[in-house]
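The values are calculated or read from the model by the stated rules, or taken from the named source; none is laboratory data. For clarity, every value in this text was computed on a predicted model and none was experimentally measured. Virtual Cβ from ideal backbone geometry, glycine too; neighbours counted across all protein chains shown.
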């Protein structure tokens, strides 16, 4: 059968009710959006989201706790507070040694609402007080105190000094077992109880409590307590260690609370200190301030200065400045022995210790690289030969193990004596050839002479700036050994500052010697300060790590991105502390004193700043000012 579309009889038209209605633009858009959303839902169902990654494998809600994956969770909420809470009352909670979440919610209340309620409260309290007086009842201190508190709060709210809030405080605990969770809950409740703060567990509200402490700003518990601004401020978790003692010197300002960081390094387990910072971060400035202030407390200070940065400080306080170089008249003899101090140490022990120390110095001077790391050493034959030669060098000056005392002995052997002894020994030719440059060659002016320096001043500075790089390590080693001999001769409060200590960490013998010095310094009332800007070189040595461990005082200032990870690992820094060191300004950092530490800002008075500054521009201005004053004084004299 054929249909003719032009024939009206063959075309049947649907009734109007069954014909499709026209679609508006808005409806079309809505249909398109629904289609898009459905397509996206279908797509997302097959993908992994962040929520899928962080979600626990299971979630069980009970009346007393949540079972969240393999962890048990419980939330505590605070219901009442005492009349007075001290500043930082939340520190024991914040520093609790376990995983916890803390949430605080603040709901501001309009002053007029609170003032109306307080006015009514005042009326009730005053009526009760008047009634007690009229009936002859004894005064009620609690009621009178409440009346005074309410009146004071009304005044403060009216003047805008205080504001009023409803405050909610929640703590969520985590544990591996229910027993452990119960134990931690009791510990937190006990901490609250010590502050007279009453807390409760969220029974049948465990899920709401957990949700309330998530970082979603969703308070599902809504358990609040009326508080004004002052007690709420004391609840903030801005807690920092208060690094302050009754005695000591000012190191700087605590950046957390602007308190003074006063400390006596000699009150710690040991008086050793390490300072790590990049160039220009202010480490020398901070150490020079400590030197200046320590001298005011009667402490003797010895400094090894690699860049002549301490000359101005020495001149300002009348210190002794010793420039050690090949052409200098200031000499230190490595063969010197500790000055007699009348203790039980035998001469034999002193000589053996001196020989071991000298062999370490000779390894730096004439040792050959051995092993994978290129450690300087001698062959067993050379080592034995040097051992005998050193003892014979002392014997040439009548210093032998059978002496009963070293008192009165001032004539010690020098490097030339050792060379002569080696020349008369079989097999010593190779050592003689390597040693000759230090006795009659280019380097003969450094160590081949009796000691000509004196350390009778409160501040003594040894400068090694004019020495070649290859001579610095052996010169510093010799100077430190001489200082150690002086320290052992007389117990006295002293600080030894070794600037750019990474020079000594490059060689195993010098690193070992400094480590031994740091370990033994406490017995002789000595505090050793090691300063370095090359963190990786210093901490790359096992002795460098040990020196840090044996230093109770530590100052970390601005670090470079290349070294901050090593610093963070060594000192167990948090991410925030790590970023603080990366972003610190000049003179800022973290100060560690035993178990306490705080962010510090080094501060100085104008006079101190003029003495200890290392800023080249500032030093140039000071020099110009000195010349101007000198010229004015010369004109006055001529006039």
- Item | Residue in the stretch 95-111 that is surrounded by the fewest Cβ atoms within 10 Å (Cβ to Cβ), counting only those that are more than 25 Å from the chain's Cα centre (by Cα) and not in a strand (DSSP E or B) | 110
- Kindly check whether there is at least one residue in the stretch 307-324 that is at pLDDT below 85 and more than 21 Å from residue 483 (Cβ to Cβ). no
- Task: Take residue 491 and decide whether it is surrounded by fewer than 20 Cβ atoms within 10 Å (Cβ to Cβ), modelled with pLDDT of 85 or more and either under 25 Å from residue 580 (Cβ atoms) or over 19 Å from the mean Cα position of the chain (by Cα) (or both).
- Result: no
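Name the helices (runs of 4 or more DSSP H) wholly within the stretch 397-454 that hold at least 2 residues that are over 21 Å from residue 330 (Cβ atoms) and assigned by TED's automatic domain parsing to the domain that holds residue 337? It would help to see each step written out before you state the result.
On the way: elements: 415-423, 429-435, 444-447.
By residue number, 415-423, 429-435.
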- Query: For the stretch 66-94, what are the residues that are assigned to a loop (DSSP other than H, G, I, E, B) and surrounded by fewer than 18 Cβ atoms within 10 Å (Cβ to Cβ)?
  - Reply: 69, 70, 82, 83, 84, 86, 87, 88
- Which residue, of 277, 281, is within 25 Å of the chain's Cα centre (by Cα), closer than 11 Å to residue 531 by Cα and modelled with pLDDT under 90? 277
- Checking residue 479 against (1) touching a residue at least 60 places away in the same chain (Cβ under 8 Å); (2) more than 24 Å from residue 359 (Cβ to Cβ); (3) assigned to a helix (DSSP H, G or I), the condition it does not meet: (2)
- Restricting attention to the stretch 194-239, which residues are in a strand (DSSP E or B) and more than 22 Å from residue 184 (Cα to Cα)? 225, 226, 227, 228
- Task: Please go through the stretch 494-534 and pick out each residue that is under 26 Å from the mean Cα position of the chain (by Cα), without any contact (Cβ under 8 Å) to a residue 40 or more places away in the chain and surrounded by fewer than 20 Cβ atoms within 10 Å (Cβ to Cβ).
- Result: 506, 516, 519, 520, 523, 534
- Taking the options 554, 575, name whichever one is closer than 22 Å to residue 255 by Cβ, in contact (Cβ under 8 Å) with a residue 24 or more places away in the chain and assigned by TED's automatic domain parsing to the domain that holds residue 290. 554
- Query: Can you find even one residue in the stretch 526-543 that is assigned to a helix (DSSP H, G or I), touching a strand residue (DSSP E or B) at 6+ places or on another chain (Cβ under 6 Å) and modelled with pLDDT under 85?
  - Reply: yes
